[in-house]
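The values are calculated or read from the model by the stated rules, or taken from the named source; none is laboratory data. The shown structure was predicted, so the numbers you read here are calculated from the model rather than taken from an experiment. Neighbour counts run over all protein chains shown; Cβ positions are idealised from the backbone, glycine included.
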Amino acid sequence: MVPPANCFSVLVIDDMLPNRVLLGKVLKASGYAVIDAKDGEEALALLREGGILPDLIVTDIEMPGLDGISLVERIRSSGLPVSNVPVIAASGNADEMMRRNALAAGCDVFLTKPFDLNLLRREIAALILASRQKAAATRGSAPSDSAPNRVALRIKETK
């Protein structure tokens with residue numbers, strides 16, 4: 001699935017279908033295009049062979065097969081364009097060691113489930129905005145469209 005040119009996309013990775021469905025509904029209602037994967041292996045296949053480059057990734061940590069921490073380590077070391085995409089990691093069984101491991105693997109934010117949906121939306125918008133501003137600074141120019149303004153508006157709307 002290729003998102004429309006005028007919206008941001010979020011890859012949601014969770015082994016629990018109800019979690020993917022709920023998060024998908026919340027994000028779609030906020031204006032994001034949502035792509036989902038049932039586990040780390042499916043997510044990697046989408047990123048490598050599926051030709052997708054999401055604006056942000058939200059991943060569960062505890063999944064069978066390739067868990068979220070290992071997934072993020074592979075993404076960060078892949079050398080693919082996705083290696084710079086912001087990642088939010090989440091777990092319902094979070095402890096301090098899991099949070100540290102997730103951040104050490106390259107996650108930008110760690111959240112505990114169940115999500116505070118307003119906080120989640122603010123974190124997503126802030127990470128996408130920061131990512132776009134960093135990319136623009138690297139290019140030495142302002143972003144070529146009004147997307148950062150849309151993100152900034154989403155941050156204000158959810159406060």
TODO: Could you please give the count of residues in the stretch 81-94 that are polar (S, T, N, Q) and in a strand (DSSP E or B)?
DONE: 1
Open item on the list: Out of everything in the stretch 79-115 that is among the charged types (D, E, K, R), modelled with pLDDT of 90 or more and more than 30 Å from GLU49 (Cβ to Cβ), what residue ends up being surrounded by the fewest Cβ atoms within 10 Å (Cβ to Cβ)?
Closed with: GLU96
- [ ] May I ask you to say which residue of SER70, SER78 is more than 19 Å from GLU123 (Cβ to Cβ) and in a loop (DSSP other than H, G, I, E, B)?
- [x] SER78
- [ ] Filter the stretch 95-120 down to the residues that are basic (Lys, Arg) and not in a loop (DSSP other than H, G, I, E, B), then identify the one that is farthest from LEU23 (Cα to Cα).
- [x] ARG100
TODO: Give the residues of the stretch 76-107 that are β-branched (Val, Ile, Thr) and either out of contact with any strand residue (DSSP E or B) (no Cβ under 7 Å at 6 or more places or on another chain) or touching a residue at least 40 places away in the same chain (Cβ under 8 Å) (or both), sorted by residue number.
DONE: VAL82, VAL85
Open item on the list: Residue under question is ARG76, and the condition is that it be basic (Lys, Arg) and closer than 23 Å to LYS134 by Cβ; does it hold?
Closed with: yes
